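The values are calculated or read from the model by the stated rules, or taken from the named source; none is laboratory data. Note that the structure is predicted; figures quoted are calculated from it, not measured. Every residue, glycine among them, receives a Cβ derived from its backbone with ideal geometry; neighbour counts consider all protein chains shown. Please note that ligands, DNA and RNA were not included when accessible areas were found on the heavy atoms of the full protein model with its side chains. Shrake-Rupley method; radii C 1.70, N 1.55, O 1.52, S 1.80 Å.
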Amino acid sequence: MTWDLKNDRPIYIQLVEQITLLIISGQFEAGSRLASVRDLATEARVNPNTMQKALAELERIGLVHTNRTSGRFITEDTKMIEEMKKNLAKEELKTFLEQMKQLGFTDEEIKTFIIENCSN
Amino acid sequence: MSAILKCTNLTKQFGKKLALSDVNLSLERGKIIGLLGPNGSGKTTFIKLLNGLLVPTSGEIRINGLTPCPQTKQTVSYLPDKTYLNDWMKVCDLFDFFEDFYNNFDRMKAVEMLQRLNINQNDRLKSMSKGTKEKVQLILVMSRNADLYVLDEPIGGVDPASRDYILNTIITNYSEKASVLISTHLIADIESVLDDVIFLKDGKVTLTSSVDDIRMQEGKSVDNLFREVFKC
């Protein structure tokens, strides 16, 4: 797994986004245990305090919860994960549609274009 | 928890030259802090003051509540900008040397790091390249269980792959009680491991902030901000 951190935005926000993506895509399975803050921080090559902040944010959203004795777990609420997946997909679609419109495509043209290109 | 390092109105003059002027700072525990500034901004002077190698002209420094003294040297692990080690010594001699001086030197840890970086215990400092010498010194310093690690330009001569390993060692080694103060010009390389940064300019502190706050407010990396603030 590679962590791709950009320079112009707060690191913890990027960590939140990337971990969310890992959960949604199923690379981090629902209900499974997360690695320790220190291990995650080492892997992403960031400060443990920053990783801690990112995990706290994920806990606030509800994607991650802490079990007092056995560590941090990813939510078992697959409905919620599915919901976030859809929201994220909608965002992606929105950007895509905007760009296609900038290229001068109409809604109809976009539809036919997608169908033509998806089938192969 | 109380600050690990606190300085009030700290000033250092060399003759007429003002190297540090009225610096007020306090460093928290459990943080990795970057001390950043262009050449001649007072970084090394500051570091030497807190290690008791220089005496303030006025103002004071307190480490765990004490002014720099033999006791604070037990709790501060210092990597100077120039080496003070004898270059006829082998790495294992240096380990003995550190063991004699510091009761918090963890030899096992040092040996482990040495192996990871493929350095032979029986090599003499004299026979090593600049980068390898730097690695050995960093290993010595990071193998102490200290409260405050003070690293003056720790990665300048080290290749990028080893740099990654060294940064990892810094992240994984320090504990919640300890803090790390790193002075460097290689900001882009280290900024993702820093909590806070201190900008020094002409002996004055011009900014203290967390890395994420800078990115949030300025929309740019600390490296870019540095280039802008200190543009020649």
- Note on the structure: When the stretch B:161-200 is checked residue by residue, the ones that are of a type in the set (Gly, Ala, Ser), more than 22 Å from B:THR132 (Cα to Cα) and touching a Leu at 6+ places or on another chain (Cβ under 7 Å) are B:ALA178, B:SER179, B:SER192
- One residue from B:VAL180, B:VAL158 being surrounded by 17 or more Cβ atoms within 10 Å (Cβ to Cβ), among the aliphatic types (A, V, I, L, M), more than 14 Å from every other protein chain (Cβ to nearest Cβ) and in contact (Cβ under 8 Å) with a residue 24 or more places away in the chain: B:VAL158
- Any residue in the stretch A:62-83 that is of a type outside the set (D, E, K, R), open to solvent by 60 Å² or more (accessible area, probe 1.4 Å) and closer than 25 Å to B:VAL193 by Cβ? yes
- Message: Based on this model, can you work out whether A:THR50 counts as outside the structural domain of A:GLU83 (by TED's automatic domain parsing) and assigned to a helix (DSSP H, G or I)?
- Response: yes
- Query: Which pairs do you get when a residue that is open to solvent by 100 Å² or more (accessible area, probe 1.4 Å), found in the stretch A:99-120, comes within reach of a residue that is in a helix (DSSP H, G or I), reach meaning Cβ atoms under 9 angstrom, with the pair 6+ apart or on two chains?
  - Reply: A:LYS101/A:ASP107; A:LYS101/A:ILE110
- Among the candidates A:GLU76, A:GLU59, which residue alone is away from chain B (no Cβ under 14 Å), among the charged types (D, E, K, R) and without any contact (Cβ under 8 Å) to a residue 24 or more places away in the chain? A:GLU59
- Message: If I ask for residues that are part of a helix (DSSP H, G or I) and either open to solvent by 90 Å² or more (accessible area, probe 1.4 Å) or touching a Ser or Thr at 6+ places or on another chain (Cβ under 9 Å) (or both), which ones from the stretch B:136-145 would you list?
- Response: B:GLN137, B:LEU138, B:ILE139, B:LEU140, B:VAL141, B:MET142
- Query: Just a yes or no: is a residue in the stretch B:188-202 buried (at least 17 other Cβ atoms within 10 Å of the Cβ) and of a type in the set (S, T, N, Q)?
  - Reply: yes
- Task: Would you check which residues across the stretch B:161-177 are without any contact (Cβ under 8 Å) to a residue 24 or more places away in the chain and either surrounded by 15 or more Cβ atoms within 10 Å (Cβ to Cβ) or away from chain A (no Cβ under 11 Å) (or both) and list them?
- Result: B:ALA161, B:ASN168
- Considering residues that are farther than 16 Å from B:LEU181 by Cα and touching a strand residue (DSSP E or B) at 6+ places or on another chain (Cβ under 7 Å), the number found within the stretch B:42-67 is 7
- Could you check, for the stretch B:118-130, whether at least one of its residues is on the phi > 0 side of the Ramachandran plot and either surrounded by fewer than 21 Cβ atoms within 10 Å (Cβ to Cβ) or within 22 Å of the chain's Cα centre (by Cα) (or both)? yes
- Item | Residue, nearest to B:GLN217 (Cα to Cα), within the stretch A:1-53, restricted to residues that are among the hydroxyl-bearing types (Ser, Thr, Tyr) and at the interface with chain B (Cβ under 10 Å from one of its Cβ atoms) | A:TYR12
- Message: Report every pair of residues separated by at least 6 positions or lying on different chains whose Cβ atoms are under 6 Å apart, first residue within the stretch B:109-137 and over 14 Å from B:VAL158 (Cα atoms), second part of a strand (DSSP E or B).
- Response: B:ASN122/B:LYS90; B:ARG124/B:LYS90
- So which residues in the stretch B:47-83 are surrounded by 14 or more Cβ atoms within 10 Å (Cβ to Cβ), of a type outside the set (Ser, Thr, Tyr) and assigned to a helix (DSSP H, G or I)? B:ILE47, B:LYS48, B:LEU49, B:LEU50, B:LYS73, B:GLN74
- Would you check if B:LYS133 is among the basic types (Lys, Arg), away from chain A (no Cβ under 14 Å), assigned to a helix (DSSP H, G or I) and crowded, with 17+ Cβ neighbours inside 10 Å? yes
